[in-house]
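The values are calculated or read from the model by the stated rules, or taken from the named source; none is laboratory data. All values derive from a computational prediction rather than experimental measurement. Note that we place each Cβ from the backbone using ideal geometry, even for glycine, and neighbour counts take in every protein chain shown. Note: accessible area is taken over every heavy atom of the protein model, side chains too, but ligands, DNA and RNA are not part of it. Shrake-Rupley method; radii C 1.70, N 1.55, O 1.52, S 1.80 Å.
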Amino acid sequence: MHFESKLFSPVTLRGLTLRNRIVLSPLCMYSAQDGLASDFHASHLSAFARGGVGLVFTEATAVEPRGRITPKCLGIWNDAQVEAFKPITRFITEMGAVPAIQLAHAGRKASSAPPWGGGKPVAPDDTTWGEGGWQTVAPSGLPVADGWPSPKALGVEEIAGLIAAFADAAKRALAAGFKVIEIHGAHGYLIHSFLSPATNQRNDAYGGDLEGRMRFALEVSRAVRAVWPEELPLFFRISAVDTGGWSLEDSVTLAKALKAIGVDVIDCSSGGIAGAPAFRASDDGRPLPAGGQRPLGFQVPYAEAMEREAGIAAMAVGRIVDGQQAEDILQEGRASFIALGRELMHDPFWPLHAAEALGEADAFSLWPEQYRWAIVRRAELGQYQAG
Ligand SMILES: Cc1cc2nc3c(=O)[nH]c(=O)nc-3n(C[C@H](O)[C@H](O)[C@H](O)COP(=O)(O)O)c2cc1C
C-alpha cells in the first residue's frame, strides 16, 4: 500500500519549509571544549540530516559560560563558536534538512559533570572535565538537592543582562546559519526555575504570582523574537508539568502569552525541576528518563493540550518509537511535529526506515543521492525487508 503520510508531508512555518515533520530533539553530547562545536558534533548532527530528519536541533547551547550544564557543553556567546557551527549548518542544509539551535541557560543545574561522570556538581578545583566548576545563578538561592552548592540569587540588573545574552545568542545563531531557534524553558534550567513556584521564591516583579514567574520567560522570548527574522520560526520548550507546583493549566496560560509574542511552536516535555538533570545515566551508563518507566508517548497529552487549549502548534516528544505511532499522533491532531531523541540515536536513519515501513509513496526519495541509487538497487535485489 502506498500512501502519503502526514509525517512525511512538507510543512511551512512562517517563511520556512521543512521536508517533513520529524525533528531531532536536542541531545547533549558533552563533547565541547570552551563551548566550541567539535568533530563529534559535526559527525553526530550530520548523521540525522543524512537520515532524513526535517529539522535538526543542536543540544542545549549556552548563552553565557555560566549557563552550560557541564564544562563540556556547547555555547554561543562568542564569534569563534559561531565559526565552529558554520560547517555543520552548511552540511545539514546541503542534505535537505533545516539546522536549528536550542538556546539555553542551565541556571542552578549548571557546573555539573556529564552523565557518565555521575552528573554531580563539579568543584572549582576539579578539572576532570577540562575546566573547574563555577558559581551558578538562579531566581532564588535554593540548591538543586543536598550536596549541591547554593546558586546566587540574581539581581534585577543581572536578569536584564541575561535577557540581553539570549538576544545576542540569537543574533549569533543567525550568523552561524541556523534557521530555527528553540528557547529552552524546561527541565529545571534557568527559565523553568523562574516559572516554577518550587524554585522561584522572589518577591519582586520576577516572582510571586504566575504573571511574575512568567515574566523572565516572556521577556527572553520577546528579546529573541525582536532580533530573530520575521520569516524564521521560534520554538519554546516547556516542562508542561513538574513536581514543583507548575500545572498544565499554567502551561496553557504561558503558551497563549508566548503565541502573542510570536512564538510559533511549543515543544512539550515535562519534569526536571527537582533533583539532578532530567536525563542522567544510571550506574551502567544507560540514560534513564526521570521517574523511571514511562508509557509510549507519555507526553503527547501535553502537546495535545497546547494544540486544543492554547491554539498553538505543538511538538510531541518522549517515547515516540515508530512511524505508525508518530503518524497516528499527527492524524489525530494531537501535535504538529514529532521530536525524537533516543530512537534517532539508536537509528539515525529512522526516518528513512519509517518511510518504508509506512508504505510511503516514493519512500526512497528521502535518501541522499549518494546512497539512493544503491539502496534502490538493494531493494530490487530483494535484499531488504519492508517493516
Ligand atoms: C542523551 C540525552 C541528552 C539530552 N539533552 C537534552 C538537551 O540538550 N536539551 C533538552 O531540552 N532535552 C534534552 N534531552 C531530552 C530529549 O530532548 C528528549 O526530550 C527526551 O530524550 C525524550 O525523547 P525520547 O524518548 O525520544 O528520547 C536529552 C535526552 C537524552 C537522552
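Can you confirm whether the stretch 203-214 contains a residue that is away from the ligand (no atom under 15 Å from the Cβ), in contact (Cβ under 8 Å) with a residue 60 or more places away in the chain and surrounded by fewer than 17 Cβ atoms within 10 Å (Cβ to Cβ)? No, the stretch 203-214 has no match at all. Where strands (runs of 3 or more DSSP E) fall entirely within the stretch 1-93, those with at least 2 residues that are under 19 Å from the mean Cα position of the chain (by Cα) are at 16-18, 22-24, 55-62.
Filtering the stretch 120-140 for residues that are within 22 Å of the chain's Cα centre (by Cα), surrounded by 14 or more Cβ atoms within 10 Å (Cβ to Cβ) and on the phi > 0 side of the Ramachandran plot leaves an empty set. Residues in the stretch 353-378 that are among the aromatic types (Phe, Trp, Tyr) and either within 16 Å of the ligand (Cβ to nearest atom) or open to solvent by less than 50 Å² (accessible area, probe 1.4 Å) (or both): 364, 367. Would you check if there is a residue in the stretch 264-277 being outside any strand (DSSP E or B), of a type in the set (Val, Ile, Thr), within 16 Å of the ligand (Cβ to nearest atom) and open to solvent by 30 Å² or more (accessible area, probe 1.4 Å)? The answer is no; no qualifying residue exists.
For the stretch 42-64, the count of residues that are among the acidic types (Asp, Glu) and surrounded by 17 or more Cβ atoms within 10 Å (Cβ to Cβ) is nonzero. Comparison of 241, 220 shows that the only residue that is modelled with pLDDT of 95 or more, surrounded by fewer than 24 Cβ atoms within 10 Å (Cβ to Cβ), within 16 Å of the ligand (Cβ to nearest atom) and under 21 Å from residue 312 (Cα atoms) is 241. For the stretch 53-66, residues that are within 12 Å of the ligand (Cβ to nearest atom) and within 13 Å of residue 166 (Cα to Cα) total 3.
Listed conditions (1) within 17 Å of the chain's Cα centre (by Cα); (2) open to solvent by less than 20 Å² (accessible area, probe 1.4 Å) are all met by residue 350, apart from (1).
Is it true that residue 84 is open to solvent by 10 Å² or more (accessible area, probe 1.4 Å) and farther than 27 Å from residue 262 by Cα? Yes. The number of residues in the stretch 309-326 being within 16 Å of the ligand (Cβ to nearest atom) and of a type in the set (Asp, Glu) comes to 1. Look at the stretch 325-353: where a residue is farther than 20 Å from residue 233 by Cβ and a partner is open to solvent by 60 Å² or more (accessible area, probe 1.4 Å) and away from the ligand (no atom under 12 Å from the Cβ), sitting 6+ places away or on another chain with Cβ atoms under 6 Å, you get 331/6. Residues 345, 306: which one is within 13 Å of the ligand (Cβ to nearest atom), under 18 Å from the mean Cα position of the chain (by Cα), assigned to a helix (DSSP H, G or I) and not charged (D, E, K, R)? Result of the check over 345, 306: 345. Taking interchain pairs and intrachain pairs at least six residues apart, which have beta carbon atoms under 6 angstrom, with the first residue in the stretch 19-46 and closer than 21 Å to residue 319 by Cβ and the second away from the ligand (no atom under 11 Å from the Cβ) and of a type in the set (Val, Ile, Thr)? Close Cβ pairs (under 6 Å, with a partner that is away from the ligand (no atom under 11 Å from the Cβ) and of a type in the set (Val, Ile, Thr)) amount to 21/11; 22/53; 24/53; 24/56. Out of the residues in the stretch 311-335 that are under 17 Å from the mean Cα position of the chain (by Cα) and over 21 Å from residue 249 (Cβ atoms), state the one that is surrounded by the fewest Cβ atoms within 10 Å (Cβ to Cβ). Going through the qualifying residues, I end up with 319.
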